[in-house]
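Working notes, beginning with the structure itself.
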Amino acid sequence: MYKNRPKGFVPPYDAYVSEFDAGVKEIANIYFGIQDRGDTVAAERAHGALTTLFAGADAPEWIERGWCEEPAGGRTWIYATYWREPETFRRWWNAPEVQDWFADRAAGTGAVGRWAEIVFPQTKLLDTLIAHPEKNFGIAKLAKENVITRYHAYWGGMRDRMEALDDCHLHNPSGDSVSAQKSNRETLGRRVCVEMPANVCFARGGPDWSGSTGEEREVFLTDVYPALLDGAQYLAANPEEAGCYSCRLVHETDRTGGARDQVNVLAYYVTLRNLENWTARHKTHLTIYGRFLAMLRRIGRMPDVLLDHEISVLPRGKLRGVYVNCDVQTGFARFGIEASGVQQLAMAS
């Protein structure tokens, strides 16, 4: 462990990682989407039904909200949900009213899609890196505590922070080519259940600039933020070159749908190596990194802009999805093998 940290290296800024209670081995992290392709009334009905489900028994412990633009047009509203206990999620998922939200009849031929991408991060194959021990997001909200780490701000730090990572987790049994894995399955007007291959790498992260002011805020929005947008656009537009099944730029919102000064990139990579290649070698990420460090030098202190991420390498059975009347470019709807039904997607593997 810690093979990549240069001898005597001192990080130029503080960062924190999440530590969980000893019994927490796996977390249920589910993303729900409502895809509005032109029927606002139906989309609002779907929102209302889903938010009601989130208020019922065995509901998620933590929910974050946002929206993204879809590749084929239209806007998707996204809910990032977290359960500390996967069994609690399974009870919630198997409730008849939740299953009904994904019923075949919901597909129809309308202009609204609904989907869920079911991620089961393993705590020993999980990397959280956050800028503040309390002003955090996502999985870090479920942690026992968030503690300072020395293993960051150098290439390879991500591997060093994943406790159980070894070479077997860097191989996708379906191959390295995104195009070769793509199916011709139809998704509009039907329900598709999908299981993805082993060792897909899921990443969610981005900046929160709500606490920034003055020069720092101006430099971030003028220099750093445009570079981040370029990076997300590259990943979304070049899936084969980047080795990325899907990339969404999610604009975070509050409970009422009001805009927050925060975005997150939500991406599924063929393997961890593809994410590492982008971060360490591609000009779009090198530009983000360089401009952020230049901002730090310019302001001469720890920034008020918070950069957080959560990254998981997912064994087989830990990444599944259901898409009901969704555009074929939605998430990983075109990839993986078709599963037998919605209820089975939450089963332990």
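Criterion first (over 23 Å from the mean Cα position of the chain (by Cα), under 25 Å from Val119 (Cβ atoms) and surrounded by fewer than 14 Cβ atoms within 10 Å (Cβ to Cβ)) does Gly38 satisfy it?
No, not satisfied.
Out of Ser174, Ser183, I need the residue that is open to solvent by 50 Å² or more (accessible area, probe 1.4 Å), out of contact with any Asp or Glu (no Cβ under 8 Å at 6 or more places or on another chain), assigned to a loop (DSSP other than H, G, I, E, B) and among the hydroxyl-bearing types (Ser, Thr, Tyr). Which one?
It is Ser174.
Sort out for me the strands (runs of 3 or more DSSP E) sitting completely within region 188-255 that have 1 or more residues that are touching a helix residue (DSSP H, G or I) at 6+ places or on another chain (Cβ under 6 Å), modelled with pLDDT under 95 and surrounded by fewer than 20 Cβ atoms within 10 Å (Cβ to Cβ).
none
Name the residue that is nearest to Ala131 (Cα to Cα), counting only residues in region 1-23 that are open to solvent by 70 Å² or more (accessible area, probe 1.4 Å) and among the aliphatic types (A, V, I, L, M).
Val10
With respect to the numbered conditions (1) over 17 Å from the mean Cα position of the chain (by Cα); (2) more than 27 Å from Lys182 (Cβ to Cβ), which one is the sole condition not fulfilled by Asp230?
Unmet for Asp230, out of (1) over 17 Å from the mean Cα position of the chain (by Cα); (2) more than 27 Å from Lys182 (Cβ to Cβ): (2).
Of everything in region 256-285, what is open to solvent by 50 Å² or more (accessible area, probe 1.4 Å) and in a helix (DSSP H, G or I)? Give them in sequence order.
Listed by number, the residues that qualify are Arg273, Asn277, Arg281, Lys283.
Name the single residue that is farthest from Thr81 (Cα to Cα) among those in region 1-36 being in a loop (DSSP other than H, G, I, E, B) and β-branched (Val, Ile, Thr).
Only one residue tops the list, namely Val10.
Tally the residues that are open to solvent by 90 Å² or more (accessible area, probe 1.4 Å), outside any helix (DSSP H, G or I) and among the charged types (D, E, K, R), restricting the search to region 157-171.
1
Looking at region 68-97, which of the residues that are closer than 20 Å to Gln262 by Cβ and open to solvent by 50 Å² or more (accessible area, probe 1.4 Å) is farthest from the chain's Cα centre (by Cα)?
The extreme case among them is Arg75.
Among Ile311, Ile299, Ile288, which is the only one that is closer than 28 Å to Ala15 by Cα and open to solvent by less than 20 Å² (accessible area, probe 1.4 Å)?
Answer to the check: Ile311.
Looking only at region 37-50, which residues are at pLDDT below 95 and closer than 15 Å to Trp67 by Cβ?
Of everything in region 37-50, those that are at pLDDT below 95 and closer than 15 Å to Trp67 by Cβ turn out to be Arg37, Thr40, Ala43, Glu44, Ala46, His47.
Return the residues of region 12-28 that are at pLDDT below 90 and in contact with a helix residue (DSSP H, G or I) (Cβ under 9 Å, 6 or more places away or on another chain); say none if nothing qualifies.
Selection gives Pro12, Tyr13.
Open to solvent by less than 30 Å² (accessible area, probe 1.4 Å), under 24 Å from Val41 (Cα atoms) and at pLDDT 95 or above: does that describe Ala116?
Here the answer is yes, as Ala116 does meet what is asked.
Determine, yes or no, whether Leu293 is crowded, with 17+ Cβ neighbours inside 10 Å and in contact (Cβ under 8 Å) with a residue 24 or more places away in the chain.
Criteria not met by Leu293.
The values are calculated or read from the model by the stated rules, or taken from the named source; none is laboratory data. The shown structure was predicted, so the numbers you read here are calculated from the model rather than taken from an experiment. No Cβ is skipped: glycine too gets one built from the backbone with ideal geometry, and neighbour counts run over all protein chains shown. Heavy atoms of the whole protein, side chains included, go into the accessibility calculation; ligands, DNA and RNA do not. Shrake-Rupley method; radii C 1.70, N 1.55, O 1.52, S 1.80 Å.
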